[in-house]
Every structure is written in structure tokens, then in C-alpha cells.
Amino acid sequence: MEIKELQERVDAWIREYGVRYFSELTNMAVLTEEVGELARVMARKYGDQSFKAGEKEDIAEELADILWVVTCLANQTGVDLTQAIEASFAKKTARDRERHKNNSKLRVEH
């Protein structure tokens, strides 16, 4: 699926099933909540915490939830995510073209 199609499908779903978008501020709070849910799974799967009885460890679901809310925020604020990602690639490439290659902390140890 292309990013443009994702934005269109989320918008169509909201209009058909969601009645309307939540306010931008509510969606920002929902995004924070979803990121927290991903953090919980990551802390238990890769960190020192263990899963509680009945907890799911579905990283894909949590990432999809985050992408959904980010897409909602983009739609309701008029952001074309394809253009935004292209601009981000250009910015990062110009800024970091050699930076990470020259970072001794990132060198692979054999």
C-alpha cells in the first residue's frame, strides 16, 4: 500500500465508521497512549520486565495503531505524508550523509 492510499483509506474509514475525526488534541493524547503501549511491550520483550499474565506481546499491532493515529493527525492537519517523508529523507541525507559512517560508536565489532 502506498502512503497516499493509506491516508485515503483511513479517511474513508473515519467517515464511514468513525463518524468524524477526534480532535487534534485528543488524537495527540491517543498517539501518546499508543506509544506507551509499544513501550510496555518493548520493555517486557527486550528489557528487564516480564509479561504479566494475559498480556499480549504484539509489536506489529502496536506499531500499526501508532501509524493509524499518525495518519489521522496528518489527514486532519492537511499533511501529505508522502511529501513529508520525501522531505525528511532529503534533510537526513544532507545532514547525516557521513555522520553515522564516521561515528565510532556504530562500528560493527567482529
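What follows draws every value from the coordinates through simple rules; no lab data is involved. The structure presented is a predicted model; accordingly, all values stated were derived computationally and were not measured. Glycine gets a Cβ as well: all are built from the backbone with ideal geometry, and neighbour counts include every protein chain shown.
Structure summary
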| quantity | calculated |
| --- | --- |
| Sites matching chymotrypsin sites (Phe, Trp or Tyr not before Pro) across the range 19-81 that sit in DSSP coil, with at most 15 neighbouring C-beta atoms within 10 Å | TYR46, PHE51 |
| 10 Å Cβ shell holding at most 16 others, DSSP loop, trypsin sites (Lys or Arg not before Pro): longest site-free stretch of the chain | 57-96 |
| MRE, 222 nm, helices only [DSSP H, n ≥ 4, -39500 (n - 2.57), over the chain, to nearest 500] | -20500 deg cm²/dmol |
| Choice from LEU73, LEU25, LEU38 showing the highest fluctuation, given a GNM over the chain with Cα pairs closer than 10 Å | LEU25 |
| Mean Kyte hydropathy of 0.5 or more with a Cα span along the axis of at least 20 Å, helices from DSSP in the chain | 59-77 |
| Read-out Kirkwood radius over Cα pairs in Å, derived from the coordinates shown; its label in (i) 15.0; (ii) 14.7; (iii) 16.8 | (iii) |
| Among GLU98, GLU55, GLU37: highest mean-square fluctuation, GNM of the chain, C-alpha pairs under 10 Å | GLU98 |
